[in-house]
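Shown next, in structure tokens, is the structure this report addresses.
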Amino acid sequence: MATFTARTITSTRREWIVPAAEPWGAPAAEVGKAWAVAELAYREQHSLPAEQALHDDALRFKVTDDAIVISFTTEEPTR
């Protein structure tokens, strides 16, 4: 008889999307605003104080054809 366990994990990805249409891209101020809000949401999600540095890979930045997407993903066991 096999001995193992199983589980199901639910992933939630939160995204902040900054329009960055060609040829000019996105204004730095708009990227900065989205970054700040994403960082605050990450801190709240993980109960981190403002003075604690985030891990280098806490937030992800992805450039698409017409936007810059800032995101983080959390995982929780499904009941």
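In region 24-56, which residues are open to solvent by less than 90 Å² (accessible area, probe 1.4 Å) and closer than 22 Å to Ser11 by Cβ?
Scanning region 24-56 gives Ala34, Val37, Ala38, Glu39, Ala41, Tyr42, Arg43, Gln45, His46, Leu48, Leu54.
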When both residues are 6+ apart or on different chains and their Cβ atoms are under 6 Å apart, which pairs have a first residue that lies in region 39-64 and is closer than 25 Å to Pro27 by Cβ and of a type in the set (A, V, I, L, M), and a second that is open to solvent by less than 90 Å² (accessible area, probe 1.4 Å) and not in a loop (DSSP other than H, G, I, E, B)? Ala58/Tyr42; Leu59/Ala38; Leu59/Ile70; Leu59/Phe72
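Condition first: of a type outside the set (Lys, Arg) and touching a Ser or Thr at 6+ places or on another chain (Cβ under 7 Å). Can you find one or more residues in region 61-73 that meet it? Outline the logic, then answer.
Of the residues in region 61-73, the ones of a type outside the set (Lys, Arg) are 61, 63-73.
Cutting the leftovers down to touching a Ser or Thr at 6+ places or on another chain (Cβ under 7 Å) gives us 73.
Within region 61-73, one or more residues are of a type outside the set (Lys, Arg) and touching a Ser or Thr at 6+ places or on another chain (Cβ under 7 Å).
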Out of all the residues in region 27-79, which are in a loop (DSSP other than H, G, I, E, B), within 30 Å of Ala6 (Cα to Cα) and of a type outside the set (A, V, I, L, M)? Ser47, His55, Asp57, Thr78, Arg79
Determine if region 5-17 includes at least one residue that is loosely packed, with under 10 Cβ neighbours inside 10 Å, of a type outside the set (Val, Ile, Thr) and part of a loop (DSSP other than H, G, I, E, B). yes
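The values are calculated or read from the model by the stated rules, or taken from the named source; none is laboratory data. Source: prediction; values computed, not measured. Positions of Cβ are backbone-derived with ideal geometry, glycine not excepted, and every protein chain shown enters the neighbour counts. For the accessible areas, the whole protein counts, side chains as well, though only heavy atoms, and no ligand, DNA or RNA atoms are used. Shrake-Rupley method; radii C 1.70, N 1.55, O 1.52, S 1.80 Å.
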